[in-house]
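The values are calculated or read from the model by the stated rules, or taken from the named source; none is laboratory data. Bear in mind the structure is a predicted one, so any value in this text is a computation, not a measurement. Every residue, glycine among them, receives a Cβ derived from its backbone with ideal geometry; neighbour counts consider all protein chains shown. SASA here: full protein model, heavy atoms, side chains in, ligands and nucleic acids out. Shrake-Rupley method; radii C 1.70, N 1.55, O 1.52, S 1.80 Å.
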Amino acid sequence: MPATSNAKSASASTAPSTATSASVSGDDESSTADLVLPLVAVGAAGAVAGYGYLRRVRRVRDRTTPGGVGSPPPPRSSPPLAARDEEACAALVEADNRIRAARAELGFAETLFGTEAVAAFQQALHEAESELAAAFRMRQRYDDGVPAEEAARGHALAGIVGRCAEAGRRLDAVADAFGQLRGLERGVGAALGVAEGRFRELAGRAGASEAVLAGLHARYAPTATAAVTGNVEQAKDRLVFATVRLNQARQAADSGQPEHAARHLRAAEGAVDQAAVFVEGVERMAVGLQAAEQTVPAALTGAETELATARQQGSPDPSGPPPGELHSRLAHADAVLDSVRQELTGRQPYDPVGLLRRIVRATAPVASGRAGVLPAAALITARTATAAAADFVATHRGAVGATARTRLAEARRLLATGDQADRPPADTLALEARELAELDVRAHGNPYTEASGPAATAGTGGAVLGGIVPAEDPEDGTPAGFTGRAGHEM
């Protein structure tokens, strides 16, 4: 699939292994409600304005030649395709960031007010997500070269921008009502209690996840746990940031500054939500690796059965490869399965998901689909890769561009179809999404180097990287959720 330009000129940030982590310095004000963390520690783009065609026409018509006859108007121009492409990418990133922030906000509101109270907002969020999913689908087709004609491609890009704008309008329609429900401008007391409770829960789980991750490192090959290797440290970094912001929220509330309290609380909620993503990623990986490990022997047997059938009956597809090519594919599959057997019987730790992926890819060109364990193996690999990519994008959205997000959205779409044939391509797209997102992060460099001195909140670099607070105003800005763009309060 052709690569496209990302949504932002600088579309990446520090890698997870180098995410900023800092300990919390002593607060300027003491508070009995201060939390103690027992741990060490996007760009937005608006729609492009239309060209002033009518003004140009009037200007040309007002001009006269020596004979007194007005010149004809020039043909209407349109922005270059590259400019439209950049606009579409920016719109995708902005809409995706806003929906992710809104989802986090909604989770805290539901905990406090209940499912029924937030039903209308859940529906609005679902509608916005549907619009964004359609935009990502259009973008994927565009990246695949569909449509091919330049004029049609320009229309496709305009359609992407339109879908993203509609997603924003769905959230705008309920923004005021959501703000009234939360009522943070009137006081943060109950909402602050919910966030503090969630914080304490995650602080405990982060410590437990550290032990789980150590066990995974001892049991499996490094590639098996690479996607979650830095999760515990990054979870702690987000919780460090949340610690300071929760304390600031309570101090602001106690001193009669509800707007400041609301701003600090929303930033803390975003950090707590991302800490949960990191912790849950480790827990999910442990379950997934165990399931994959149990599936590998059966998948190996199923693959051997598929190869034997292909040798006896030829290609399962009448329009499949000729005998010579089929023989080459079978020989390649045999070599892959032999290497898998060697790893299984060796004494070194191995990557069970990686083994399943090799089995599935080697047998796919000759498989008939009768061995049910192979589709199950493909589902495990696709789910694992998609979840890892989704977690990475969610926790690094301040840096990840449109292309990685597009591949992730397409992987999710294919995985949701339930069609067994869609699982291998979903796996491939998810792996590509993660790789592209990591490239974005590495290219971006340090997300926020200006934070220094006593005024800087600990963990700010990670919070900017995660899109929790805007890079241009990390101390006072807020995430863009139901309430609109980053930096705008309820």
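What to note about this one:
- Any hit, segment 237-245, residues being open to solvent by 50 Å² or more (accessible area, probe 1.4 Å) and in a helix (DSSP H, G or I): no
- For the residues Ala402, Ala387, Ala382, the requirement of being open to solvent by less than 30 Å² (accessible area, probe 1.4 Å), in contact with a Ser or Thr (Cβ under 8 Å, 6 or more places away or on another chain) and not β-branched (Val, Ile, Thr) singles out Ala402.
- Pairs, first farther than 19 Å from Ala101 by Cα and modelled with pLDDT under 95 in segment 266-290, second open to solvent by less than 10 Å² (accessible area, probe 1.4 Å) and small (Gly, Ala, Ser), C-beta under 9 Å, six or more apart: none
- Output for segment 132-164, where each listed residue is open to solvent by less than 30 Å² (accessible area, probe 1.4 Å) and of a type in the set (D, E, K, R): Arg139, Asp143
Here is a yes/no grid of residues against (1) over 30 Å from Gly288 (Cα atoms); (2) more than 21 Å from the chain's Cα centre (by Cα):
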position	(1), (2)
Arg163	yes, no
Gly187	yes, yes
Phe199	no, yes
Gly207	no, yes
Val212	no, yes
Arg219	no, yes
Thr225	no, no
Val232	no, no
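Residue-by-condition table, conditions (1) modelled with pLDDT under 95; (2) surrounded by fewer than 15 Cβ atoms within 10 Å (Cβ to Cβ); (3) within 18 Å of Glu283 (Cβ to Cβ):
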{"site": "Glu166", "(1), (2), (3)": "no, no, no"}
{"site": "Leu181", "(1), (2), (3)": "no, no, no"}
{"site": "Gly187", "(1), (2), (3)": "yes, yes, no"}
{"site": "Gly197", "(1), (2), (3)": "no, yes, no"}
{"site": "Ala221", "(1), (2), (3)": "no, no, no"}
{"site": "Ala227", "(1), (2), (3)": "no, no, yes"}
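- Being closer than 25 Å to Val282 by Cα and either polar (S, T, N, Q) or part of a helix (DSSP H, G or I) (or both) holds for only one residue in Ala303, Ala362, Ala399, Ala389, and it is Ala389.
- Residue in segment 247-259 that is farther than 30 Å from Gly481 by Cα, of a type outside the set (A, V, I, L, M, F, W, C) and either in contact with a strand residue (DSSP E or B) (Cβ under 6 Å, 6 or more places away or on another chain) or open to solvent by 10 Å² or more (accessible area, probe 1.4 Å) (or both) present: no
- Ala124 falls short on exactly one of the conditions (1) on the phi > 0 side of the Ramachandran plot; (2) at pLDDT 95 or above, and that condition is (1).
- Where a residue in segment 225-253 is within 25 Å of Ala390 (Cα to Cα) and its partner, wherever it lies, is of a type in the set (Lys, Arg) and outside any helix (DSSP H, G or I), with Cβ under 6 Å and at least six apart: none
- Hits in segment 461-490 (condition: modelled with pLDDT under 80 and of a type in the set (Asp, Glu)): Glu489
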